[in-house]
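These notes are about the structure you will find just below.
The values are calculated or read from the model by the stated rules, or taken from the named source; none is laboratory data. Keep in mind that what you see is a predicted model, and the values were worked out from it rather than measured. In this analysis, Cβ positions are derived from the backbone assuming ideal geometry, glycine residues included, and neighbour counts consider all displayed protein chains. Each accessible area value is taken on the protein alone, full model and side chains, heavy atoms only, with ligands, DNA and RNA left out. Shrake-Rupley method; radii C 1.70, N 1.55, O 1.52, S 1.80 Å.
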Amino acid sequence: MVKISPSILAADFTKLGEDIASVEKAGAEMLHLDVMDGIFVPNISFGIPVIASARKASGMFFDTHLMINEPIRYIGDFAKAGADLITVHAEACSDVKKTLEAIRALGVKVGLSIKPATPVSAIEDYLEYCDLVLVMSVEPGFGGQKFMPIAPEKIAELSKIKSEKHFSYEIEVDGGINEETAKLCTAAGATVLVAGSSVFGNADRKSAIDSLRS
């Protein structure tokens with residue numbers, strides 16, 4: 001069954017604990033935490049203190065997506081704050097393999113992401129080190145963008161490699177995910193869907209999450 005990872009960028013931060021609890025109760029398996037530095041992406045979101053605070057209030061699997069330059073500098077702090085999985089961008093690392101190995105050494109799961117313009121071939125040599133590969137279906141940095149149709153092609157390519165090489169990574173997709181685009185992505189092989197406004201923008205969180213699965 002496909003896993004749902006609601007992005008707290010779309011949550012109400014004045015009642016973040018309540019919003020997190022609501023998606024956990026509604027059946028979401030993960031919680032997506034988008035960390036932005038204002039340099040790698042043209043926006044700033046939140047950092048370690050917010051994740052540490054959320055960790056005290058929730059036992060959910062923290063799917064932590066670092067959209068920051070040279071994330072190896074901070075991965076230890078994010079692991080201590082409660083990240084269960086740390087995903088970094090291939091485009092943001094001067095040494096991708098070293099960064100992935102450093103995440104693994106911390107005892108958390110390893111994720112690697114690519115922006116819409118980056119081909120799967122650019123990360124093929126690193127897939128053996130990954131527990132999760134994240135395909136961005138929008139330009140990273142802002143929520144509420146329109147889904148880019150190139151994403152299912154990349155998902156299908158990653159799924160093919162996974163099958164041929166007997167890898168076990170999850171294939172996650174983030175950006176513009178709703179009931180319609182979710183079907184395109186899962187049909188291509190996506191196993192984890194990140195959704196922000198389509199979940200947190202719906203008062204009935206369970207219905208929103210169930211509709212993405214179906």
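Here is how the numbers come out for the structure above:
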| item | result |
| --- | --- |
| The one condition in (1) of a type in the set (Ser, Thr, Tyr); (2) outside any helix (DSSP H, G or I); (3) open to solvent by 60 Å² or more (accessible area, probe 1.4 Å); (4) farther than 28 Å from residue 54 by Cβ that residue 118 fails to fulfil | (3) |
| Any pair with Cβ under 6 angstrom, 6 or more apart, that starts in segment 152-177 at a residue that is closer than 19 Å to residue 4 by Cα and ends at one that is among the hydroxyl-bearing types (Ser, Thr, Tyr) and open to solvent by 30 Å² or more (accessible area, probe 1.4 Å) | 170/191; 171/191 |
| Qualifying residues in segment 184-206 (those that are over 18 Å from the mean Cα position of the chain (by Cα) and without any contact (Cβ under 8 Å) to a residue 40 or more places away in the chain) - the one nearest to residue 133 (Cα to Cα) | 187 |
| All positions within segment 61-77 that are more than 12 Å from residue 111 (Cβ to Cβ), part of a helix (DSSP H, G or I) and not β-branched (Val, Ile, Thr) | 73, 76, 77 |
| Out of 96, 41, 50, 35, sole residue that is β-branched (Val, Ile, Thr), out of contact with any Leu (no Cβ under 6 Å at 6 or more places or on another chain), within 19 Å of residue 174 (Cα to Cα) and crowded, with 16+ Cβ neighbours inside 10 Å | 41 |
| Residue list for segment 178-194, restricted to those being assigned to a loop (DSSP other than H, G, I, E, B) and either closer than 22 Å to residue 104 by Cα or modelled with pLDDT of 95 or more (or both) | 189, 190, 191 |
| Sole residue being open to solvent by 70 Å² or more (accessible area, probe 1.4 Å) and modelled with pLDDT of 95 or more, chosen from 106, 112, 134 | 106 |
| Tally, over segment 156-177, of residues that are assigned to a helix (DSSP H, G or I) and out of contact with any strand residue (DSSP E or B) (no Cβ under 8 Å at 6 or more places or on another chain) | 7 |
